[in-house]
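Encoded as structure tokens, the structure appears first; notes follow it.
Quick note: the coordinates plus some simple rules give every number you see, no bench work behind them. What you see is a predicted model, and the numbers here were worked out from it, not measured in a lab. Heads up, the Cβs are rebuilt from the backbone with ideal geometry, glycines too, and the neighbour counts pull from every protein chain shown.
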Amino acid sequence: MRRLAVLTLAAIAVLAAAWCAFWFYAAHDIETRLAAWAEAQRAQGLTAQYAGVSVSGFPLSWHTRIMAPAMSGAGPTRWEWRGEEVTAEIRPWALHDVPVTFPGLHHVAGGAGRVAETLEIHAGQPNGRIVLTDQGRLASLLLDLGAAEIQRLPDPAVSTARRIRLSLSPHRVPDASYRNDVLDITLDIDTLTVPEPPRYALGPTITAAQIEASFKGPLPQAPLAESVAAWRDAGGVIEAKRLALRWGPLDMNGDGTLALDAANRPLGAFTMHIRGYTETVDALTAAGAMRPRDAGALKIALNLFARQNGGSRELSVPITAQDGRLFVAGFNLFALPPLSFE
């Protein structure tokens, strides 16, 4: 028995020493691989930089801290992201499922022309998860910002949200076409408040907004205007599997598809289930989006489609965007200007 105990202790000591050696080797290898990965992004038209990296967490995980990370892409969207810090928790029992945090201020920019945006975001609960394929490529990215403050530069005004959640899942198809999903995106916003609502807004606070969509067809490598035109002409489309919005009196949800016409105006067809439609039409009329005569005719028509659902009336109507106009149940509401990508 004593000999067995000694052998057992010796085996444990050897295993512990081997694990210690492996942990420190892997920690160094993480830094080496990260540097090699950043270098390899240049071949794909990307730039990945950071000020420093440290690895801790011995003995059960590799807690990787990346200081001052920044990434940018020279592709059609000309996107850029800069953060203060990112941490990743690499666990030996779940190497392809990596929890991350991203505290501090984030600078996000992308697009061109009228669709260009530059945002600064401060997340109150900066948690996320990266899921990798067996080949080590990104399978999905989930971000939970918690309460967030958002500033659209150069505007000094700050919008706030009680919670923002975002997920991205790229699809890598060898010969991608408009028939293939190239990116799935889900965005869930709870209580977004803007200091200066747009002209036809239904108040300063959007109670809830949800988008679940798939982008079909790739964006070719070209300036954004040319890339979007090629995507559009090849039949590219956005399939909205779920759209939901609660804003002032408006409460709606539905699905549909969206594309662009030859003039880069929205072209789409949706089926929406709407509550609070009478109050919404009144609010749009008061804001000058509709003439009172048109509003009255629209409310009469919508009431014919509506049915009682619980304590309120609900209607299911087609909403279409065509020829630069927005139609609800066939009624012409207002113009939809073309989008400029230059």
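Ignoring everything except DSSP H segments at least 4 long, calculate the 222 nm mean residue ellipticity for the chain; use -39,500 (n - 2.57) per segment, divide by total residues, nearest 500. Walk me through the numbers on the way to the answer.
Working: 4 runs with 73 residues, N = 342.
-7000 deg cm²/dmol, from helical runs alone.
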Using 1/(1 + (r/R0)^6) with R0 = 22 angstrom and r between the beta carbons of LEU105 and ILE185, what's the FRET efficiency to the nearest 0.05? 0.40
Quotient of Cα Rg and 2.2 N^0.38 Å for segment 212-337, N being how many residues it contains: 1.20
Could you grab the Rg to Rh ratio for segment 169-252? Cα atoms only, Kirkwood for Rh. 1.11
Backbone HN-Hα couplings from phi across segment 236-253 [Karplus 6.51/-1.76/1.60, Hz, Gly and Pro as x]: x, 8, 10, 9, 8, 6, 8, 10, 9, 8, 10, 9, x, x, 7, 9, 9, 7
Whole angstrom only: what separates the Cα centroid of segment 177-244 from the Cα centroid of segment 268-342? 20
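Can you bin segment 184-228 into rounded, prolate or oblate? Criterion: square roots of the alpha carbon gyration tensor eigenvalues sorted a ≥ b ≥ c, rounded for a/c under 1.5, prolate for a/b above b/c, oblate for the rest. Walk me through the intermediate numbers first.
On the way: a/c = 3.98, a/b = 1.86, b/c = 2.15.
It comes out oblate by the Cα gyration axes.
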Select from ARG163, ARG129, ARG114 the residue whose mean-square fluctuation is largest in a Gaussian network model of the chain (Cα-Cα springs shorter than 10 Å). ARG114
Separation in nanometres of the label points that stand 7 Å from Cα toward Cβ, at THR47 and LEU304: 5.9
Charge dipole (debye, nearest 20) of the chain; +1 at Cβ of Lys and Arg, -1 at Cβ of Asp and Glu: 560
Degrees between helix 2-40 axis and first principal axis of the chain (Cα, 0 to 90, nearest 10): 50
Specify the angular offset, from 0 to 90 degrees and rounded to the nearest 10, of the alpha carbon long axis of helix 224-233 from the longest principal axis of the alpha carbons in the chain. 70
Taking segment 121-160, how much of its Cα-Cα pair set, in percent, is spaced more than 14 angstrom apart? 58
What list of ³J(HN,Hα) couplings, whole Hz, do you get for segment 50-55 from phi and the Karplus terms 6.51, -1.76, 1.60, once you set θ to phi - 60° and write x for glycine and proline? 7, 7, x, 9, 9, 10
Listed by chain and number, the residues whose amide H is under 5 Å from that of MET290, excluding neighbours fewer than 5 places away on the same chain and using placed H, are THR285
For segment 49-164, what are Rg and Dmax over the alpha carbons, in angstrom? 15.7, 51
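Nearest 20 debye, what's the magnitude of the dipole of segment 215-318 about its Cα centre given +1 on Lys and Arg Cβ and -1 on Asp and Glu Cβ? Intermediate results must be reported in sequence, preceding the final value.
Working: 12 positive and 10 negative charges, 54 e Å.
That gives segment 215-318 a dipole magnitude of about 260 debye.
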Karplus-derived 3J(HN,Hα) from phi for segment 183-192 (6.51 cos²θ - 1.76 cosθ + 1.60, θ = phi - 60°), whole Hz, x at Gly and Pro, runs 7, 9, 9, 10, 10, 10, 10, 10, 6, 8
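Quick one: compute the contact order of the chain, relative version, from alpha carbon pairs under 8 angstrom and 6+ residues apart, as a percent. Let's see the in-between values first.
Values: 770 pairs, mean separation 31.3, N = 342.
Relative CO of the chain lands at 9 percent.
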Hey, what angle do you get for helix 277-286 against the long axis of the chain, alpha-carbon based, 0 to 90 degrees rounded to 10? 70
